[in-house]
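Worksheet: the structure to be examined is printed underneath.
A short reminder: the numbers here are calculations on the coordinates, not readings from a lab. This is a predicted model, so every value here is computed, not measured. Quick reminder, even Gly has a Cβ in these numbers, built from the backbone with ideal geometry, and neighbours come from all protein chains shown.
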Amino acid sequence: MKKIDPLDIFDPKTRALVDGLHQKPFVQEGTFVAFPACFPGVTVPIPGDECHITALAVSPDGDVYGGTSGHACHLFVGFFRAVTGAVVDLGVVADADRCTAIGCGPERLFACVNGPEGGRIVSQELQPLPFHLIQEWSIERQPLHELGYVEGKESILHAATALTKISPGCLLPENPNACRRKITEYTAHLSMSQH
């Protein structure tokens with residue numbers, strides 16, 4: 001094994017290396033998208049007190065889906081491929097003020113949301129990509145389906161997703177013992193609803 005000499009902290013080359021590491025961005029490659037939460041000049045953005053993005057997922061087609069938290073919870077999709085370039089508000093999730101997790105399967109979006117009545121999972125079909133967003137376009141919002149609440153008004157803290165379903169045991173309520181049975185029912189329901 002090759003012996004590595006310790007760095008001399010007073011050597012100018014070492015100092016330059018350390019300074020360079022401190023000044024570089026944490027992520028040095030990839031794609032970064034900075035876009036308003038709307039279709040600029042065409043749609044109204046998600047209101048300021050409702051646009052805190054707290055969950056993101058990428059669909060198999062590369063579209064970015066997200067959920068917000070604040071006075072109300074919104075679901076949205078970002079189209080950034082082909083002749084697009086828009087963030088489209090898919091609407092407010094009724095009686096919810098936090099989106100804690102979101103996941104995309106091949107055909108559906110699943111979101112874990114919390115509100116005064118506790119945590120629940122909602123789902124909808126993925127948005128089809130508009131042909132283009134240059135002229136005479138329209139985006140029809142897909143209906144939102146309720147998959148049920150966590151027992152005892154418990155909140156969902158997070159969830160992990162596999163490609164086609166929310167994985168069993170990955171919902172993390174504030175009191176796991178209070179709703180372990182209900183989590184099993186949810187994951188069984190999700191597994192059956194995707195076949």
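Key figures
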| read-out | value |
| --- | --- |
| LEU21 versus GLU125: modelled label distance in nm, points set 7 Å from Cα along the beta carbon direction | 5.2 |
| Computed label-point distance, nm, for sites PHE10 and THR54 using a 7 Å Cα→Cβ extension | 5.3 |
| Using a Förster distance of 25 Å, the FRET efficiency for HIS71-GLU107 (Cβ separation, nearest 0.05) | 0.20 |
| Derived scalar couplings ³J(HN,Hα) [the stretch 52-57; Karplus, 6.51 cos²θ - 1.76 cosθ + 1.60; whole Hz; x for Gly, Pro] | 6, 6, 10, 8, 9, 8 |
| Value of relative contact order over the stretch 32-81, rounded to a whole percent, pairs C-alpha under 8 Å and six or more apart | 27 |
